[in-house]
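The values are calculated or read from the model by the stated rules, or taken from the named source; none is laboratory data. The structure displayed is predicted, hence computed values, not measured ones. We place every Cβ from the backbone using ideal geometry, glycine too, and count neighbours over all the protein chains shown. Ligands, DNA and RNA are excluded from the accessible area calculation, which covers all protein heavy atoms including side chains. Shrake-Rupley method; radii C 1.70, N 1.55, O 1.52, S 1.80 Å.
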Amino acid sequence: MRALLISTYDLGRQPLGLAAPAAMLRQAGVDVDCVDTSREPLNDEHIRAASLVAFYLPMHTATRLAAPLLQRVRAVNPDARLAAYGLYAQLNRAWLEQRGARVLGPDAELELVTLVNAQLPTSNSQSSPQSIQFIQPDRTTLLPLTRYASLQMPDGTRRVVGSTDATRGCKHLCRHCPIVPVYHGRFKAVPIDVVMQDIRAHVAARAEHITFGDPDFFNGPTHARRVVERLAAEFPQLTYDVTIKIEHLLAHADLLPLLKDTGCLFITSAVESIDDVVLIKLQKGHTRGDFRRAVALCRAAGVALAPTFVPFTPWTTVEGYIELLEEIERLDLVEAVAPIQLAIRLLVTAESKLFELPDIRGLVAPFDPESLTWPWRHADARVDALQTAVMRIAGLKTARTEAFAAMTETALRCAPGDRHHRGQIPVRGSTQPLTPPYMTEEWYCCAEPGPEQTDLV
């Protein structure tokens with residue numbers, strides 16, 4: 001039996017979503033081919049040789065990019081079993097089943113083994129965190145790390161980046177998050193020995209920096225502490241980055257110096273908005289004031305904070321967007337924010353918890369199978385026009401300060417008369433000694449694919 005595992009996009013990282021199931025399948029005696037179409041072409045020979053073709057769909061962009069490939073696989077090898085797994089596979093179950101794919105959950109390693117041997121029952125099943133079995137991911141046949149995003153350092157050098165997960169799922173219930181309808185507030189820790197085995201493999205592949213891809217590294221703070229202590233003890237030369245909620249940065253501020261001492265260079269945090277009303281609607285669990293305190297805590301600990309945003313929502317105003325830019329400038333975060341983060345529009349996807357909000361239910365158009373979203377338009381046409389213009393600026397790939405200035409000028413032109421005449425928000429030079437490190441591919445998952453992604457297929 002031969003399985004073909006396909007990743008269409010995984011945020012510029014070497015896909016753990018291929019390596020983990022490949023290990024389980026190979027342990028069961030299955031031959032496995034892995035193809036990452038964001039970095040290499042998919043050839044028909046791989047498709048024809050497979051008895052199972054499974055698509056890894058961890059995010060919206062990956063699912064959109066899989067659509068033409070699903071059709072191609074079915075045409076080239078109609079006898080192959082077709083499957084999809086990952087967060088967005090489960091969210092888009094009906095759409096995938098219409099295309100002949102069996103839908104598995106995000107923790108589908110064992111299900112893939114049984115499926116390749118034709119042992120699954122007729123009805124679709126859903127994996128749960130309790131059913132996960134962890135073994136060392138097998139990255140031996142994946143593309144080298146140098147084919148993926150690297151870490152841009154303040155001195156102009158770059159570091160080779162590997163990525164792994166210390167946990168799966170998330171215990172929080174943010175309304176707009178795709179993890180919530182799948183994990184329902186549950187998470188499971190990956191055994192530390194398995195995490196370290198994967199990191200050793202990365203180091204052997206010349207990784208100099210590790211990205212922990214957990215939705216929230218502090219979901220299990222004790223587990224997180226043990227992981228970074230082991231990492232630093234065995235590989236003191238390695239640096240790393242993590243993603244942590246603002247709420248957890250405040251609750252576990254005592255761990256921030258430990259992150260710094262064990263090699264953490266920056267923390268990504270999904271701030272989403274500085275409007276407290278919007279933050280309540282999204283159930284983020286923090287306020288604008290909390291965001292400010294988290295910035296101060298990270299700076300005091302010597303770890304850069306890289307905030308991410310969903311600045312365009314049905315509740316966004318032009319004035320509110322300008323206020324966001326002013327807050328970023330006031331907190332001296334211009335260089336810490338990727339331009340794309342100032343252009344992202346809220347996605348209302350299948351199974352979204354946003355439908356708990358009456359104003360969302362009354363706003364969206366019918367589900368669009370082409371975009372895999374419930375489309376919406378803002379009540380103020382200026383906001384939609386501003387988002388389009390800002391997205392265009394983000395796509396130019398200019399320096400962060402330059403992009404920020406252009407976005408500011410664009411927003412001010414959309415503002416009411418007196419606001420417009422106040423002129424541009426002054427963009428200060430950074431008061432920090434160095435520009436924070438950042439990835440060479442601006443990662444974002446809860447957004448429509450841009451030209452750089454759609455051109456890959």
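Could you give me the residue pairs with C-beta distances under 7 Å whose first residue belongs to segment 399-427 and is more than 18 Å from Gln387 (Cα to Cα), whose second residue is of a type outside the set (Asp, Glu) and at pLDDT below 90 wherever it lies, and which are 6+ apart or on separate chains? From segment 399-427, the pairs are Thr401/Val427.
Among the residues making up segment 282-291, those that are surrounded by fewer than 21 Cβ atoms within 10 Å (Cβ to Cβ) and under 23 Å from the mean Cα position of the chain (by Cα) are Gln283, Gly285, Thr287, Arg288, Asp290.
Condition check ((1) acidic (Asp, Glu); (2) touching a Pro at 6+ places or on another chain (Cβ under 7 Å); (3) free of Cβ contacts under 8 Å to residues at least 12 places away in the same chain) across all residues:
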site	(1), (2), (3)
Ser269	no, yes, no
Ile280	no, no, yes
His286	no, no, no
Arg293	no, no, no
Ala301	no, yes, no
Pro314	no, no, no
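Which of the residues belonging to segment 139-156 are out of contact with any helix residue (DSSP H, G or I) (no Cβ under 8 Å at 6 or more places or on another chain) and either part of a helix (DSSP H, G or I) or closer than 23 Å to Asp193 by Cβ (or both)? Scanning segment 139-156 gives Thr140, Thr146, Arg147.
For segment 327-377, which residues satisfy the criterion of being farther than 30 Å from Lys397 by Cα, part of a loop (DSSP other than H, G, I, E, B) and without any contact (Cβ under 8 Å) to a residue 24 or more places away in the chain? Selection gives Gly362, Val364, Ala365, Pro366, Phe367. Checked against (1) acidic (Asp, Glu); (2) in contact (Cβ under 8 Å) with a residue 60 or more places away in the chain; (3) surrounded by fewer than 20 Cβ atoms within 10 Å (Cβ to Cβ), Asp193 passes all but condition (2).
Only one entry of Ala233, Ala166, Ala205, Ala201 meets the criterion of being free of Cβ contacts under 8 Å to residues at least 12 places away in the same chain and aliphatic (A, V, I, L, M), and that entry is Ala233. In this structure, Asp261 qualifies as surrounded by fewer than 23 Cβ atoms within 10 Å (Cβ to Cβ), in contact with a helix residue (DSSP H, G or I) (Cβ under 9 Å, 6 or more places away or on another chain) and closer than 21 Å to Leu151 by Cβ. Residues in segment 1-55 that are outside any loop (DSSP other than H, G, I, E, B) and among the small types (Gly, Ala, Ser): Ala3, Ser7, Gly17, Ala19, Ala20, Ala22, Ala23, Ala49, Ala54. Scanning segment 173-186 finds no residues that are among the hydroxyl-bearing types (Ser, Thr, Tyr), closer than 16 Å to Phe218 by Cα and either touching a residue at least 12 places away in the same chain (Cβ under 8 Å) or in contact with a Phe, Trp or Tyr (Cβ under 7 Å, 6 or more places away or on another chain) (or both).
Does Gly185 satisfy the criteria of being on the phi > 0 side of the Ramachandran plot and under 21 Å from the mean Cα position of the chain (by Cα)? Taking the combined requirement at face value, the residue satisfies it. Among residues of segment 327-339 being open to solvent by 10 Å² or more (accessible area, probe 1.4 Å) and of a type in the set (A, V, I, L, M), the one that is nearest to the chain's Cα centre (by Cα) is Ala338.
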